[in-house]
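The values are calculated or read from the model by the stated rules, or taken from the named source; none is laboratory data. None of these values were measured; they are calculated from a predicted model. Neighbour counts are summed over all protein chains in view; Cβ atoms, including those assigned to glycine, are modelled from backbone coordinates with ideal geometry. To get the accessible areas, we keep the full protein, side chains included, count just its heavy atoms, and leave off ligands, DNA and RNA. Shrake-Rupley method; radii C 1.70, N 1.55, O 1.52, S 1.80 Å.
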Amino acid sequence: MKVQILTTLGPIVLELDRTKAPTTVENFAAYVSSGHYDGTIFHLKEGEYRLCSQERHCAWLMDAAIGLDVSITDETADVAALAVQGPKAETLMTGLFGDGIAALPYFGFGTFDMLGTRQVIARSGYSKQGGFELYLDGFEHGLALWDALWEAGQPFNILPGSPNLIERVEGGLLSLGNEMTSENNPQIGRAHV
């Protein structure tokens, strides 16, 4: 079985061998065909990827990797994510991190200087208005990042918030476990319209 994974650095084609890992291949095929993917894969460097998702996929990935030559690390406790969303997000982020932010395609990412470190920032998020997600490698920078965003956002009347579920659904950004499950994924929903 061949699988194509689209990454930020281009596609990767994997060939899965059913004879060597039949259960893993069947589990992977079922996972893909059921539409149970709601994350973003960042191709950080050659041979290194980061899956960022709302759902916890690490246990499934570790089970699926049995018999394969891969190493999987759960970085949930080591990487802090913060979203900056809304109609003024690009202006705010460009002011803080430079014009390179505006050049990011949707679901694209780059590394930017942040508090004297290089950090991953992606143009993504659960908002139909668009925005960015910052993946802070190192919690010790969290308060300083928050303060920098807060100060830079004052001219825009920035406020802390949480995802607006109705706006997210209206924008077509469905969430596994909320609007869809293995019983009612979008492919099934469209078939009945």
Fill in the blank from the handout: All conditions in (1) open to solvent by 60 Å² or more (accessible area, probe 1.4 Å); (2) of a type outside the set (Val, Ile, Thr); (3) modelled with pLDDT of 80 or more are true of Gln54 except (3)
Fill in the blank from the handout: Of (1) surrounded by 13 or more Cβ atoms within 10 Å (Cβ to Cβ); (2) over 20 Å from the mean Cα position of the chain (by Cα); (3) over 30 Å from Pro22 (Cα atoms); (4) not aliphatic (A, V, I, L, M), Gly67 satisfies every one except (3)
Handout entry: First in segment 65-83 and in contact (Cβ under 8 Å) with a residue 24 or more places away in the chain, second anywhere and among the aliphatic types (A, V, I, L, M) and in a strand (DSSP E or B), Cβ under 6 Å, 6 or more apart
Key = Ala80/Leu136; Leu82/Leu134
Completion exercise
Among residues of segment 99-127 being touching an Asp or Glu at 6+ places or on another chain (Cβ under 9 Å) and exposed (fewer than 13 other Cβ atoms within 10 Å of the Cβ), the residue modelled with the highest pLDDT is Ala102
Exercise for the section: Find the strands (runs of 3 or more DSSP E) located wholly in segment 73-127 whose residues include 1 or more that are of a type in the set (A, V, I, L, M) and in contact with a helix residue (DSSP H, G or I) (Cβ under 6 Å, 6 or more places away or on another chain), and list them. Expected result: 79-85
Completion exercise
Among residues of segment 128-143 being open to solvent by less than 10 Å² (accessible area, probe 1.4 Å) and on the phi < 0 side of the Ramachandran plot, the residue modelled with the lowest pLDDT is Leu136
Exercise for the section: Tell me, yes or no, whether segment 128-135 has at least one residue that is of a type in the set (D, E, K, R) and without any contact (Cβ under 8 Å) to a residue 24 or more places away in the chain. Expected result: no
